[in-house]
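Enquirer: Here it is, the structure in full.
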Amino acid sequence: MTSNNPQTREWQALSNDHHLAPFSDFKQLKEKGPRIITNAKGVYLWDSEGNKILDGMAGLWCVAIGYGRDELADAASKQMRELPYYNLFFQTAHPPVLELAKVIADIAPQGMKHVFFTGSGSEGNDTMLRMVRHYWAIKGQPNKKTIISRINGYHGSTVAGASLGGMTYMHEQGDLPIPGIVHIPQPYWFGEGGDMSAEEFGVWAANQLEEKILEVGVDKVGAFIAEPIQGAGGVIVPPETYWPRIKEILAKYDILFVADEVICGFGRTGEWFGSDFYGLKPDMMTIAKGLTSGYIPMGGLIVRDEVVAVLNEGGDFNHGFTYSGHPVAAAVALENIRILRDEKIIERVHSETAPYLQKRLRELNDHPLVGEVRGVGLLGAIELVKDKATRARYEGKGVGMICRQFCFDNGLIMRAVGDTMIIAPPLVISLAEIDELVAKARLCLDLTLSALHG
Ligand SMILES: Cc1ncc(COP(=O)(O)O)c(C=O)c1O
């Protein structure tokens with residue numbers, strides 16, 4: 001609570017007195033006081049101290065079209081005046097949700113023409129778990145309940161989402177995972193590849209899926225869920241051998257494949273979906289974030305036609321949310337997708353900004369702290385190490401957090417996952433803004449190195 005600005009101090013006092021913040025140490029936050037973000041435009045945020053900050057994380061990976069687009073505000077306001085709310089239970093619908101389902105069917109991979117809407121990515125994955133089990137029960141195989149997921153994957157923070165995710169620090173709180181969810185190793189070569197080449201490790205990591213299917217028994221496995229590129233786990237881009245081998249395994253066994261596209265979807269990789277980028281053929285895809293560019297909460301589950309055909313024979317699916325397909329969220333999503341399409345934002349990521357960001361980021365490889373730079377599309381990761389050759393870390397120094405603080409202090413939001421710095425800027429970032437991002441990242445790496453050795 002060191003601010004000289006009375007307005008900042010007032011907001012921080014409100015936080016202390018009344019607010020419980022997500023993924024935070026409540027006590028520590030009271031001591032420090034939160035940073036108060038007051039407004040935003042394009043790729044920039046402003047805090048209550050008047051600092052301008054380049055948002056290298058697009059909020060939480062979601063603000064695809066950038067901040068401050070009036071068209072989305074107008075779409076919300078128009079819809080609120082026309083029909084602010086109605087539900088989709090009991091055989092009713094409204095125009096925005098139906099139009100949105102059609103638009104999503106148009107951009108989704110071939111053969112995925114139906115959407116179940118939710119309020120978030122976590123709810124999308126809860127829906128997935130229930131739908132997968134319902135599907136197999138309808139097919140007369142009710143024992144195919146187990147979902148295979150990956151260690152250090154992220155699938156949300158509800159009980160099912162956190163269970164599906166492979167974050168041990170989340171499992172430790174509240175007896176997770178729930179029964180029927182098992183995890184296999186992640187394809188994180190830099191951190192866990194040991195002496196194997198990246199290609200060998202990719203095959204090894206993929207083979208863990210087959211081993212787990214055989215261990216659990218194919219008659220008990222309902223689905224495998226994975227992010228095409230793990231986001232919150234540290235922007236883990238799998239070795240090139242990983243997805244091809246996973247595809248072979250999926251083709252061999254009768255289980256469903258769920259791509260969690262909450263981060264990769266809506267253009268992050270330079271394609272509409274991460275599944276398009278890797279040529280995957282999911283049975284279901286979880287979506288959220290970029291669907292509305294984060295302007296309003298919305299998520300969902302896109303479902304393959306063959307799966308829908310089975311569900312059609314199953315009677316009531318006893319599942320849904322008050323805000324499933326909320327009309328205002330649907331209107332905002334429609335406008336967001338219109339902008340992505342009309343302004344050819346994803347095409348530009350594909351051909352211009354992603355290649356440029358990836359080239360500029362890799363220049364940081366020459367920095368003494370940097371063990372690896374990797375990325376795809378507008379996703380990037382920088383591994384901070386003590387020794388480039390052995391990939392040894394600065395154990396126990398919290399290097400990632402030191403670097404993150406320097407970033408905040410120098411007008412850049414870069415997130416730390418352990419000692420991995422990650423970025424995912426808005427898809428509308430310009431080449432000049434990419435230059436600014438990389439220059440600031442280099443400055444903060446320099447400051448971090450000096451802090452470690454100073
Ligand atoms: C891959 C992935 N799945 C699911 C979720 C959960 O989404 P939400 O926070 O909207 O519940 C997230 C959130 O970061 C995510 O990254």
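The values are calculated or read from the model by the stated rules, or taken from the named source; none is laboratory data. Only a predicted model underlies this, so the values are computations on that prediction, with no experimental measurement involved. Methodologically, a virtual Cβ is constructed for each residue, glycine included, from the backbone with ideal geometry; neighbour enumeration extends over all protein chains shown. Keep in mind that these areas ignore ligands, DNA and RNA; they rest on the heavy atoms of the full protein, side chains included. Shrake-Rupley method; radii C 1.70, N 1.55, O 1.52, S 1.80 Å.
Enquirer: Just checking, how many residues over region 97-129 are of a type in the set (D, E, K, R) and surrounded by fewer than 16 Cβ atoms within 10 Å (Cβ to Cβ)?
Expert: 3
Enquirer: Mind listing whichever residues of region 401-418 are open to solvent by 20 Å² or more (accessible area, probe 1.4 Å) and either in a helix (DSSP H, G or I) or in contact with a Phe, Trp or Tyr (Cβ under 7 Å, 6 or more places away or on another chain) (or both)?
Expert: Once the filter is applied, which keeps residues that are open to solvent by 20 Å² or more (accessible area, probe 1.4 Å) and either in a helix (DSSP H, G or I) or in contact with a Phe, Trp or Tyr (Cβ under 7 Å, 6 or more places away or on another chain) (or both), region 401-418 yields 401, 402, 404, 405, 406, 408, 409.
Enquirer: If you check 162, 206, 223, which single one turns out to be within 25 Å of residue 22 (Cβ to Cβ) and at pLDDT 95 or above?
Expert: Exactly one of 162, 206, 223 is within 25 Å of residue 22 (Cβ to Cβ) and at pLDDT 95 or above, namely 162.
Enquirer: Given region 136-203, what helices (runs of 4 or more DSSP H) lie entirely inside it while holding 2 or more residues that are within 16 Å of the ligand (Cβ to nearest atom) and in contact (Cβ under 8 Å) with a residue 12 or more places away in the chain?
Expert: 159-164
Enquirer: Within region 232-246, track down each residue that is of a type in the set (D, E, K, R) and either buried (at least 19 other Cβ atoms within 10 Å of the Cβ) or within 16 Å of the ligand (Cβ to nearest atom) (or both).
Expert: 245
Enquirer: Applying the selection to region 276-298, what residues are open to solvent by 30 Å² or more (accessible area, probe 1.4 Å) and within 16 Å of the ligand (Cβ to nearest atom)?
Expert: 277, 278, 289, 294, 295, 296, 297
Enquirer: Output the residue which, of all residues in region 153-178 that are touching a strand residue (DSSP E or B) at 6+ places or on another chain (Cβ under 9 Å) and open to solvent by 30 Å² or more (accessible area, probe 1.4 Å), is farthest from residue 393 (Cα to Cα).
Expert: 177
Enquirer: Still on this structure, please answer the following. Considering only region 396-432, state which residues are in contact with a Leu (Cβ under 7 Å, 6 or more places away or on another chain) and of a type in the set (D, E, K, R).
Expert: Hits for region 396-432 are 397, 419.
Each row is one residue, and each column tells you yes or no for (1) more than 19 Å from the chain's Cα centre (by Cα); (2) modelled with pLDDT of 95 or more; (3) outside the structural domain of residue 279 (by TED's automatic domain parsing).
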position	(1), (2), (3)
53	yes, yes, yes
61	no, yes, yes
79	yes, yes, no
86	yes, yes, no
90	yes, no, no
97	yes, yes, no
102	yes, yes, no
113	yes, yes, no
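Enquirer: While we're looking at this one, here's another question. Checking the condition open to solvent by 30 Å² or more (accessible area, probe 1.4 Å) and either closer than 24 Å to residue 121 by Cβ or assigned by TED's automatic domain parsing to the domain that holds residue 431 (or both), which residue from 334, 301, 340, 357 passes?
Expert: 334
Enquirer: May I ask you to list the residues in region 418-434 that are farther than 19 Å from residue 65 by Cα and either in contact with a helix residue (DSSP H, G or I) (Cβ under 7 Å, 6 or more places away or on another chain) or not aliphatic (A, V, I, L, M) (or both)?
Expert: 418, 419, 420, 421
Enquirer: Still on this structure, please answer the following. Give the residue that is nearest to residue 291 (Cα to Cα), with candidates limited to residues of region 132-152 that are more than 17 Å from the chain's Cα centre (by Cα) and open to solvent by less than 10 Å² (accessible area, probe 1.4 Å).
Expert: 132
Enquirer: Just to check your reading of the model, which residue among 249, 229, 225 is more than 16 Å from the ligand (Cβ to nearest atom), among the β-branched types (Val, Ile, Thr) and either surrounded by fewer than 24 Cβ atoms within 10 Å (Cβ to Cβ) or assigned by TED's automatic domain parsing to the domain that holds residue 188 (or both)?
Expert: Result of the check over 249, 229, 225: 249.
Enquirer: Please specify each residue of region 32-84 satisfying the condition of being of a type in the set (Val, Ile, Thr), surrounded by 14 or more Cβ atoms within 10 Å (Cβ to Cβ) and free of Cβ contacts under 8 Å to residues at least 40 places away in the same chain.
Expert: Answer for region 32-84, where residues must be of a type in the set (Val, Ile, Thr), surrounded by 14 or more Cβ atoms within 10 Å (Cβ to Cβ) and free of Cβ contacts under 8 Å to residues at least 40 places away in the same chain: 36, 37.
Enquirer: Another one. Mind listing whichever residues of region 92-135 are within 22 Å of residue 267 (Cα to Cα), of a type outside the set (Gly, Ala, Ser) and outside any helix (DSSP H, G or I)?
Expert: 109, 110, 112, 113, 114, 115, 116, 117, 118
Enquirer: Also, I was wondering about something else. In region 27-64, what residues are within 16 Å of the ligand (Cβ to nearest atom) and charged (D, E, K, R)?
Expert: 55
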